[in-house]
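Here is the structure we will look at.
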Amino acid sequence: MWKKSIAFWTAIVLFLIGISAAAQSEENVVQVVSRLNIMTGYPDGSFGLENYVSRAEFTKIAIAASSYRNAVATNLRTSPFYDVPHDHWAAPYIQLASANQLVTGYVDSTFRPESLVTYEEAVTVLLKVLGYTTEDFGASWPYGQVGLANSLGLTEGVQKYTGDYLTRRDVAYMIYNLMDTKSKNSNDKYIKT
C-alpha cells in the first residue's frame, strides 16, 4: 500500500514542477498514467501502445482521470443507451460519464461502445473533464474543440487529426497533458484539482 502512495506522490511532484509531455519520455508518460491508475497494462505486462482505443475504453479512462473516479456504481443495472446493456463491462462508466455530460451518444440513441474513439471525440471529452462546456467550443464542430485543446497543450505529443482513431499511446499522452493543464477558470493545474 505504501508503495502505491509513494508512486502517486512522485507522479504529482513531476506535474507540479511543470515537466511537459514533450520533455518526457514515452516510458515516463506511461508510468505516470499507470501509477495514477488511469490507464493500466495488460496481464502479460505490456501496455499495448499501438492498440486502438474503443469509445467504451476511452470513457473508462476519462472517468478514471476525472473527479468522478470514485463515484462509479459497479453494480449498476441501467444504461442510457440501448446498445450498452446494463451488464456490459463499461456500462457503469458510460452511465456516469453520460449523466455528467462528459460523453454523448449518437442521434439514433446509440453509444457504439466498440467503435474506435476519434481524435475529436477524445479531445471533447477531456475538455469537458477540465470544466469546459459546449458553449466554450463555438458552433463549428469539431474545430472549436480541437483548436481549444491545441491552445491548452492538451494534444502535445499526439500526431493525429480530425477523423483519426487514437491508440493507447495517443491517449496516454493526452491524459498526461490533461494533468498538466489548467482547469477552466482556474490557475491550478488539473492534477491539483
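The values are calculated or read from the model by the stated rules, or taken from the named source; none is laboratory data. Quick caveat, the model's predicted, so the values are computed rather than measured. Because the Cβ atoms are built from the backbone with ideal geometry, glycine has one as well, and the counts that use them run over all protein chains shown. SASA here: full protein model, heavy atoms, side chains in, ligands and nucleic acids out. Shrake-Rupley method; radii C 1.70, N 1.55, O 1.52, S 1.80 Å.
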I'd like to know if the range 118-127 contains one or more residues that are under 17 Å from residue 161 (Cβ atoms) and outside any helix (DSSP H, G or I). yes
Return yes when residue 184 is part of a loop (DSSP other than H, G, I, E, B) and not aliphatic (A, V, I, L, M) and no when it is not. yes
Subset of the range 157-178 [surrounded by 13 or more Cβ atoms within 10 Å (Cβ to Cβ), of a type outside the set (Ser, Thr, Tyr) and more than 19 Å from residue 57 (Cα to Cα)]: 157
So, residue 154, is that one open to solvent by less than 50 Å² (accessible area, probe 1.4 Å) and in a loop (DSSP other than H, G, I, E, B) or not? yes
Among the residues of the range 61-114, which ones are surrounded by 21 or more Cβ atoms within 10 Å (Cβ to Cβ), under 24 Å from residue 167 (Cβ atoms) and not hydroxyl-bearing (Ser, Thr, Tyr)? 61, 62, 63, 65, 84, 90, 94, 97, 102, 103, 111, 113
